[in-house]
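Chemist: Quick one: the structure is below, questions incoming.
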């Protein structure tokens, strides 16, 4: 479990800044390719741990990403040929799926095919990715803009109201974690009053 979430969120914001910088490069060398892989894989691992530790708001649970994907063409994907991704998937056909952040965490953590995409002028453009479970059905394309948005959203996420409800008769416990925007939508105070904090204004 995670004790203080900020130290897990701050690196995500720094990685998002790097993604923005890397977009505008004219060339990416081997060392930077590794740095990109590490930033993405460690980042999604961090996001999953934040979810599992109840350190992200329900707003993050509800976030969805529209992903493009290319269908598998029937050529078995193994560790010996996973680099030949252009032979495994049909890039002339593009479908779309909508997935949540948790799905993406598992997709990256269990990635089998992981290929960095380069834009027209040589900068970072995103990732083609498929997991051990999806490698022989589809290849997902995650753009650098989507990566930036995900890492910034999670890095800036804040829980301002939390409620735990115990489940009875075999039901699971539930934890409600509201972000500032969710509180506003529900007509709730974003932050507690001084009385709720046990502060006597007359003694200030």
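Read the figures in this text as sums done on the coordinates, not as results from a lab. Note that the structure is predicted; figures quoted are calculated from it, not measured. Using ideal geometry, Cβ is built from the backbone for each residue, glycine included, and neighbour counts are taken over all protein chains shown.
Chemist: Please arrange 13, 178 by how many other C-beta atoms lie within 10 Å of their C-beta, fewest to most.
Modeler: Fewest to most other Cβ atoms nearby, the residues stand as 13, 178.
Chemist: Same structure, new question: Between residue 103 and residue 42, what is the spin-label point distance in nm, taking each point 7 Å from the Cα along the Cα→C-beta axis?
Modeler: Rounded to a tenth, the inter-label distance reads 2.8 nm.
Chemist: Here is a further query. Sort out for me the Cα centre separation of region 104-122 from region 23-102, rounded to whole Å.
Modeler: If you average the Cα positions of each part, the centres end up 4 Å apart.
Chemist: Counting only Cα atoms, I'd like the Rg/Rh figure for the chain, Kirkwood definition for Rh.
Modeler: Using only Cα positions, Rg/Rh for the chain is 1.07.
Chemist: Tell me, what is the percent relative contact order of the chain, built from C-alpha pairs under 8 Å that lie six or more residues apart? Show your work: numbers first, answer last.
Modeler: Numbers: 310 pairs, mean separation 50.8, N = 204.
Relative contact order of the chain: 25 percent.
Chemist: Build a GNM of the chain with springs between Cα atoms under 10 Å: which of 176, 36, 150 gets the top mean-square fluctuation?
Modeler: Top of the fluctuation ranking is 176.
Chemist: Round to the nearest 0.05 the FRET efficiency obtained for residue 110 and residue 7 when R0 = 30 Å and r is the Cβ-Cβ distance.
Modeler: 0.75
Chemist: Within 10 Å of each residue's Cβ, count the other Cβ atoms and sort 110, 88 from fewest upward. If you can, show how the numbers build up before the last one.
Modeler: Details: 110 14, 88 22.
So the residues, fewest neighbours to most, are 110, 88.
Chemist: May I pose another question? Can you compute the helix-only [θ] at 222 nm over the chain? Use -39500 (n - 2.57) per DSSP H run of at least 4 residues, normalise by all residues, nearest 500 deg cm²/dmol.
Modeler: One gets -11500 deg cm²/dmol as the mean residue ellipticity at 222 nm.
Chemist: Please determine, in degrees from 0 to 90 and to the nearest 10, the orientation of helix 30-52 with respect to the longest principal axis defined by the Cα atoms of the chain, where the helix direction is its Cα long axis.
Modeler: Between the helix axis and the principal axis of the chain, the angle is about 40 degrees.
Chemist: Sticking with this one: When a footprinting reagent is the concern and you count Cβ atoms within 10 Å, what order do 63, 55 take, fewest first?
Modeler: Going from least to most buried by this count: 63, 55.
Chemist: Over the chain, with a Gaussian network built from C-alpha contacts below 10 Å, which listed residue (117, 179, 162) shows the highest mean-square fluctuation?
Modeler: 162
Chemist: Starting from the Cα of residue 78, step 7 Å along the direction of its Cβ; do the same at residue 61; then give the gap between the two resulting points in nm.
Modeler: 4.3
Chemist: Same structure again: Which residue fluctuates most in the GNM of the chain (Cα springs below 10 Å): 181, 46, 153?
Modeler: 181
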